[in-house]
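The values are calculated or read from the model by the stated rules, or taken from the named source; none is laboratory data. Everything numeric here is computed off the predicted structure, so don't read it as measured data. Note that each Cβ is placed from the backbone with ideal geometry, even for glycine, and that neighbours are counted across all protein chains shown. Surface accessibility is based on the protein's heavy atoms, side chains included, excluding ligands, DNA and RNA. Shrake-Rupley method; radii C 1.70, N 1.55, O 1.52, S 1.80 Å.
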Amino acid sequence: MSTLALPFTKSAAKPGFDIGPVTRGLVAAVTILLTSAALLAIFRGVFGFAPAHPNIRELAIAIHVSTVLPAIPLGGYLLLAPKGGKRHKMLGKIWIGLMVTTATAAIFIKTSGSFSFIHIFVPLTLWSSYKVIASARAGDMKKHKQEILGLFFGALLIPGLVAFLLPGRLMNVMIFGWPA
């Protein structure tokens with residue numbers, strides 16, 4: 001086979017699913033919004049524009065934040081990029097690892113010494129992560145698509161909005177708080 005024929009050969013990767021244009025737009029908007037908010041919070045915290053938060057030095061919060069921040073754009077990329085190839089599978093494993101680590105770290109974050117309503121997302125994230133892996137291994141791409149969209153919106157969007165919009169939460173203070 002000549003070099004000229006290579007670009008026209010069929011890919012060995014199995015074709016994955018694609019999301020519709022409305023879902024694609026929503027994924028892109030959520031990814032851009034949450035990633036921008038996270039970068040703004042980091043910028044404000046690093047350069048002293050945000051007040052000190054009492055929980056900023058807790059290990060569980062540091063692990064939680066440091067794993068969820070790359071999970072936001074990576075999850076968006078995985079949903080928007082071509083699926084089924086080696087890159088998708090490798091990055092998907094990394095993304096699931098980030099999500100499981102984020103959820104596990106959240107178990108050790110307690111408001112006033114107890115769990116809060118947002119902790120309901122911990123078992124949902126762990127269960128959905130398992131279902132994402134199981135459906136992909138079984139080759140059930142319809143189920144995989146449902147589970148991955150549920151995990152992205154249910155474990156990143158909803159808790160992310162709560163983290164940024166609920167007064168007193170670290171991300172809320174980093175975005176909207178002003179140093180004294």
- request: In whole Hz, with x marking every Gly and Pro, tabulate ³J(HN,Hα) for the stretch 20-33 from phi via Karplus 6.51 cos²θ - 1.76 cosθ + 1.60, θ = phi - 60°.
  value: x, x, 5, 5, 4, x, 5, 4, 4, 5, 4, 4, 5, 4
query: Given a 1.4 Å probe and every protein chain left where it sits, what share in percent of the accessible area of the chain is carbon and sulfur?
result: 71
- prompt: Each residue of the stretch 111-119 in turn: what ³J(HN,Hα) in whole Hz from Karplus with 6.51, -1.76, 1.60 and θ = phi - 60°, glycine and Pro shown as x?
  reply: 8, 6, x, 9, 6, 10, 4, 5, 5
- prompt: Taking 0.36 nm per intervening residue step and subtracting the Cα-Cα distance, what contour gain separates A52 from L33 on full extension?
  reply: 4.5 nm
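In square angstrom, what is the accessible area per residue of the chain with a 1.4 angstrom probe?
Per residue, the chain has an accessible area of 60 Å².
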message: Which one, I19, I96, I109, has the greatest fluctuation when you compute a Gaussian network model over the chain with C-alpha springs under 10 angstrom?
response: I19
task: Starting from the amide H of T111, placed 1.01 Å from N in the peptide plane, find each other amide H under 5 Å away whose residue is 5 or more places distant or on another chain.
output: S116
- prompt: Relative to the longest principal Cα axis of the chain, at what angle does helix 121-137 sit, 0 to 90 degrees, rounded to 10?
  reply: 10
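Go ahead and run the numbers for FRET between A134 and F176, Cβ-Cβ distance against an R0 of 45 Å, rounding to 0.05. Walk me through the intermediate numbers first.
Details: r = 40 Å, r/R0 = 0.88.
In this case the efficiency is close to 0.70.
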query: In degrees, nearest 10, range 0 to 90: what is the angle between the Cα axis of helix 86-107 and the longest Cα principal axis of the chain?
result: 20
- request: State, to one decimal in nm, how far the label point of A60 lies from the label point of I120, with both points 7 Å from Cα in the Cβ direction.
  value: 2.0
field: Rounded tilt (10° steps) of 59-80 against the dominant C-alpha axis of the chain
entry: 30
Which label in (i) 23.9, 106; (ii) 18.7, 70; (iii) 15.4, 49 gives the computed Rg and Dmax of the Cα atoms in Å: (ii)
task: For a quick protection proxy, order the peptides 25-37, 153-165 by their average other-Cβ count within 10 Å, most packed first.
output: 153-165, 25-37
